[in-house]
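See below for the structure under consideration.
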């Protein structure tokens, strides 16, 4: 089984968010996909089955299968359009979050993802203690989104990972206005056995709608301020988030497993 490691939302290796991608003719057993995912020990390993621009796509974290993942979708599209269908500029994926389309525009890949509805929630003492700083606003979608006043706060946060297991939301997304970009953010996912996700596409289905509605801008440039870093170009179309980013290949390997 061939596997590709792709760094997404970046044009340089060792930055962005690495994802492992396997393009297959048939599905392996779920148990095998989980074993491969845990062996890779990346935030996501994705498996796709299909052809002719249409694929079924599944995403796995070391903690289990997940319903939406941006960077691994971008990485899968990169692999498909570079190694399997070089003339393809539109890839459609059937996923647990419905049909997702990715368009290749030059060196950028534009994802069409659902925007999460954000509901305001109370800022609790437990939340403040666990995150290590007091947000000025907090919202719940799939994830808990906390908004802070400064980029420095985002960069310096060291949340209590055990405490995050007790907070609402699948992931914790933290964000603030950026100094050189429209916003900065970080993503924490201990519930998925991933302490910090380097660049979270699905997280920006919370972050991008918040900042676009807050600033009134048609498009924002978002920077994920993890140790690796990554850049996303985001806009809203109705209840959909359009996210664009680069990708670059780190490795190709041959897994010594049989389906």
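Can residue 184 be described as crowded, with 21+ Cβ neighbours inside 10 Å, outside the structural domain of residue 49 (by TED's automatic domain parsing) and touching a strand residue (DSSP E or B) at 6+ places or on another chain (Cβ under 6 Å)? Working first, answer last.
Working: crowded, with 21+ Cβ neighbours inside 10 Å: yes; outside the structural domain of residue 49 (by TED's automatic domain parsing): yes; touching a strand residue (DSSP E or B) at 6+ places or on another chain (Cβ under 6 Å): yes.
Here the answer is yes, as residue 184 does meet what is asked.
Show me the strands (runs of 3 or more DSSP E) found entirely inside segment 146-259 where at least 1 residues are within 30 Å of residue 31 (Cβ to Cβ) and modelled with pLDDT of 95 or more. Write out each step before concluding.
Values: elements: 172-177, 183-189, 194-197, 219-224, 230-237, 240-245, 247-254.
Where strands (runs of 3 or more DSSP E) fall fully within segment 146-259 and carry at least 1 residues being within 30 Å of residue 31 (Cβ to Cβ) and modelled with pLDDT of 95 or more, they are 172-177, 183-189, 194-197, 247-254.
Restricting to segment 43-63, name every residue that is surrounded by fewer than 19 Cβ atoms within 10 Å (Cβ to Cβ), under 19 Å from the mean Cα position of the chain (by Cα) and modelled with pLDDT of 95 or more.
56
Mind counting the residues in segment 17-39 that are within 17 Å of residue 189 (Cβ to Cβ) and surrounded by fewer than 20 Cβ atoms within 10 Å (Cβ to Cβ)?
Number satisfying all stated conditions: 2.
For segment 24-135, give me every one of the helices (runs of 4 or more DSSP H) that falls completely inside it and has 1 or more residues that are in contact with a strand residue (DSSP E or B) (Cβ under 9 Å, 6 or more places away or on another chain) and in the same structural domain as residue 173 (by TED's automatic domain parsing).
On the way: elements: 30-40, 70-79, 125-131.
In segment 24-135, the matching helices (runs of 4 or more DSSP H) lie at 125-131.
Suppose the filter is surrounded by 23 or more Cβ atoms within 10 Å (Cβ to Cβ), over 20 Å from residue 61 (Cβ atoms) and in contact with a helix residue (DSSP H, G or I) (Cβ under 8 Å, 6 or more places away or on another chain); does residue 199 pass it?
No: the conditions fail for residue 199.
Where residues in segment 136-148 are in contact (Cβ under 8 Å) with a residue 40 or more places away in the chain and in contact with a strand residue (DSSP E or B) (Cβ under 9 Å, 6 or more places away or on another chain), which of them is nearest to residue 165 (Cα to Cα)?
Taking segment 136-148 and keeping what is in contact (Cβ under 8 Å) with a residue 40 or more places away in the chain, we get 139, 141-143, 145, 147.
Going one step further and asking which of them are in contact with a strand residue (DSSP E or B) (Cβ under 9 Å, 6 or more places away or on another chain), we end up with 139, 141, 143, 145, 147.
On the way: 139: 17, 141: 16, 143: 12, 145: 15, 147: 19 Å.
Among those residues, the one meeting the criterion is 143.
The values are calculated or read from the model by the stated rules, or taken from the named source; none is laboratory data. What you see is a predicted model; the values in this text were computed from it and never measured. Virtual Cβ from ideal backbone geometry, glycine too; neighbours counted across all protein chains shown.
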